[in-house]
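To keep things clear, I will list the structure first and then write my remarks on it.
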Amino acid sequence: MKKFSMVFMGLFLVIGMGQSFASTANNQIFSVDNVNGKITAKSVEKAFNESGMQVDVNNNMNSIFEKRYKKVYHKSYNLAIFRNNELVTKLAKKYPTIGLITPLSMSIYSDDAKNTINVSTLSLEGMARITKIPATDPDLIAYAKLLDAALHKALPNGKYLPKGKSTKESDKKLTTDFTTEFELEDGMTIIEAKESFEEEFAGEIGPVGFLVPKLYKLQENVFKKNGDYDFYDTYSIIRFNVIFPVSKNHPDAGSYAPFSLAIYKKKGDDTVHISYPSIDNWIDDLGITDKAVIAEVKKTQDMMSGILAELTE
């Protein structure tokens, strides 16, 4: 594409998509013209897999929204989760907080009024901010570069949308964190205690609308030779009643949802750590202004933190 055409395309995207569709420091939107419809959520998944980013779930949310709410907001809207085991393992040796973005998430979306297809993901800065891993860490940089390569393969000739206005500085905690200790009954192993806790957790979140697209037992199935942990599990969690209203004006919310919740215990330490990225930070990060949507976001945060507070007392 010639330089003039590239500039024109960039201006079209900024004008046509509006401020809420711009990239931010923490959230990046990769976009390309798709007038022929050749690029789909499935082709994006294939490109990611071929680039070393394993896509584990790629859900057509329009199908779900149509059945549940009898309407959709976008021509196409998918939420997907993905990871790279090698880099996650390397980072976990240094930073247990990598579980807060394991798996990473993305939204893949297009609209009737535009011929573009877009993929929204966390940027390097966004990944570093949530995990408190230095943005200069070579393995985190490698993770961001791998993501960048996957996006370019999935959307050839695509571009990151220009940065919009800076996200509002939030006074909320970036993550919601709990600690507890598992009491072992006679003959019970620490793994059995963890499984009992997780069964109770699943029993609490299910009835109030949270779903778990994927559970990762990282210590068992990914880390393997990394003997730092007795266990390390992460949950990919979503609640349709919050992502549906948020996605209307902020389809790029797929960078944050499904969100990842980490449960881990280091060897030689009795403390069990449980953390997830605070859901109410979506409000400032995405620039949500609709009062009803804000209320639903806050409700979702309060529900999850309340359940965990009760379970870790």
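The values are calculated or read from the model by the stated rules, or taken from the named source; none is laboratory data. Please read these numbers as outputs of a predicted model, since none were measured by experiment. With ideal geometry, Cβ positions are generated from the backbone for all residues, glycine too; neighbour counts draw on all protein chains shown.
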Being among the charged types (D, E, K, R) and more than 21 Å from Phe82 (Cα to Cα) narrows Lys248, Lys224, Lys217 down to just Lys248
Condition met for Tyr264 (at negative phi and within 11 Å of the chain's Cα centre (by Cα)):
no
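Take the residues in the stretch 111-165 that are small (Gly, Ala, Ser) and touching an Asp or Glu at 6+ places or on another chain (Cβ under 7 Å); name whichever of them is surrounded by the most Cβ atoms within 10 Å (Cβ to Cβ). If you could, list the steps in order and put the result at the bottom.
First, the residues of the stretch 111-165 that are small (Gly, Ala, Ser): 113, 120, 123, 126, 128, 135, 142, 144, 149-150, 154, 158, 164.
Add one more test, that the residue is touching an Asp or Glu at 6+ places or on another chain (Cβ under 7 Å), and what stays is 120, 135.
Values: Ser120: 25, Ala135: 14.
So the residue we want is Ser120.
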Looking at the stretch 94-114, which of its residues are in a strand (DSSP E or B) and within 12 Å of the chain's Cα centre (by Cα)?
Leu104, Ser105, Met106, Ser107
Spot the failing condition for Ser76; the list is (1) under 15 Å from Ala257 (Cβ atoms); (2) over 15 Å from the mean Cα position of the chain (by Cα), and only one is missed.
(1)
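Can we say Ser43 is among the hydroxyl-bearing types (Ser, Thr, Tyr), in contact (Cβ under 8 Å) with a residue 12 or more places away in the chain and either closer than 30 Å to Tyr232 by Cα or assigned to a strand (DSSP E or B) (or both)? Quick ask: steps written out before the conclusion?
Details: among the hydroxyl-bearing types (Ser, Thr, Tyr): yes; in contact (Cβ under 8 Å) with a residue 12 or more places away in the chain: yes; either closer than 30 Å to Tyr232 by Cα or assigned to a strand (DSSP E or B) (or both): no.
Criteria not met by Ser43.
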Counting only residues that are outside any loop (DSSP other than H, G, I, E, B) and out of contact with any Pro (no Cβ under 9 Å at 6 or more places or on another chain), the stretch 115-130 contains a total of 10
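Residue by residue, here is whether (1) under 24 Å from Ile279 (Cα atoms); (2) modelled with pLDDT of 95 or more; (3) surrounded by 13 or more Cβ atoms within 10 Å (Cβ to Cβ) holds:
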site: Val7; (1), (2), (3): no, no, no
site: Asn36; (1), (2), (3): no, no, no
site: Arg68; (1), (2), (3): yes, yes, no
site: Ile98; (1), (2), (3): yes, yes, yes
Given the conditions (1) of a type in the set (S, T, N, Q); (2) free of Cβ contacts under 8 Å to residues at least 60 places away in the same chain; (3) closer than 19 Å to Ser107 by Cβ, which single one is not true for Ser236?
(2)
Within the bounds of the stretch 280-296, is there any residue that is assigned to a strand (DSSP E or B), aromatic (Phe, Trp, Tyr) and more than 17 Å from Asn59 (Cβ to Cβ)?
no
Any idea how many residues of the stretch 276-310 are under 23 Å from Pro96 (Cβ atoms) and surrounded by fewer than 16 Cβ atoms within 10 Å (Cβ to Cβ)?
1
Residues in the stretch 52-68 that are in contact with a helix residue (DSSP H, G or I) (Cβ under 7 Å, 6 or more places away or on another chain) and among the β-branched types (Val, Ile, Thr): how many?
2
